[in-house]
């Protein structure tokens, strides 16, 4: 197990090959668990979600993995993980606001109220965009749960975000799997994908700033 984590962090083409050679078809279960844990446990944001999806698509291009199996399996893992994280935030995370230190609230209730307002106003966009941003995609469902974002709305856009995230990165890996320079620089490709995905948010923030001025 320790050896497996050594090859997951950092995840490169060579490390992914090692995992495939040592675990065979069990790699599907490993991929499922990594995506589920990264999206489902707020304490595990460092797992390689983006590069894992890209490399899985690349290996599907090589004929070593089945692309449609990967999409179905990893989509389920991503949605289950996010929903687990949401309910952890909603049922357990909220209790941090009850903690007191020397008679004073450890975290002010206004932070909770602000979080709730934010997700009611921008939650749909945030949930979809967060899928493409490392670390943020782990904390966003938890924060949505704490903020008591309407669950039906959350679930709908979480599913849309899951389809876009899993589908785009698997497809990118599959279509670009025969380009050597890309296969050797997966991390750079993933950073580029993250940059493109957060660009609309940055533009929106910039517009709001200039509008206020």
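Here is how the numbers come out for the structure above:
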read-out: Residues located in the stretch 104-125, provided they are out of contact with any strand residue (DSSP E or B) (no Cβ under 8 Å at 6 or more places or on another chain) and either at pLDDT 80 or above or in a loop (DSSP other than H, G, I, E, B) (or both); value: 107, 108
read-out: Residue within the stretch 92-99 that is within 29 Å of residue 155 (Cα to Cα), modelled with pLDDT of 85 or more and in contact with a helix residue (DSSP H, G or I) (Cβ under 9 Å, 6 or more places away or on another chain) present; value: no
read-out: Neighbours by Cβ (under 9 Å, 6+ apart or cross-chain): first from the stretch 170-192, at pLDDT 85 or above; second exposed (fewer than 15 other Cβ atoms within 10 Å of the Cβ); value: none
read-out: Condition met for residue 155 (under 22 Å from residue 91 (Cβ atoms) and at pLDDT 75 or above); value: yes
read-out: Test for residue 80: is it out of contact with any strand residue (DSSP E or B) (no Cβ under 8 Å at 6 or more places or on another chain), assigned to a helix (DSSP H, G or I) and buried (at least 16 other Cβ atoms within 10 Å of the Cβ); value: yes
read-out: Candidate set from the stretch 11-65 (those that are modelled with pLDDT under 80 and assigned to a loop (DSSP other than H, G, I, E, B)); member that is surrounded by the fewest Cβ atoms within 10 Å (Cβ to Cβ); value: 43
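The values are calculated or read from the model by the stated rules, or taken from the named source; none is laboratory data. Bear in mind that the values here come from a model prediction, so they are computed numbers and not experimental data. We place every Cβ from the backbone using ideal geometry, glycine too, and count neighbours over all the protein chains shown.
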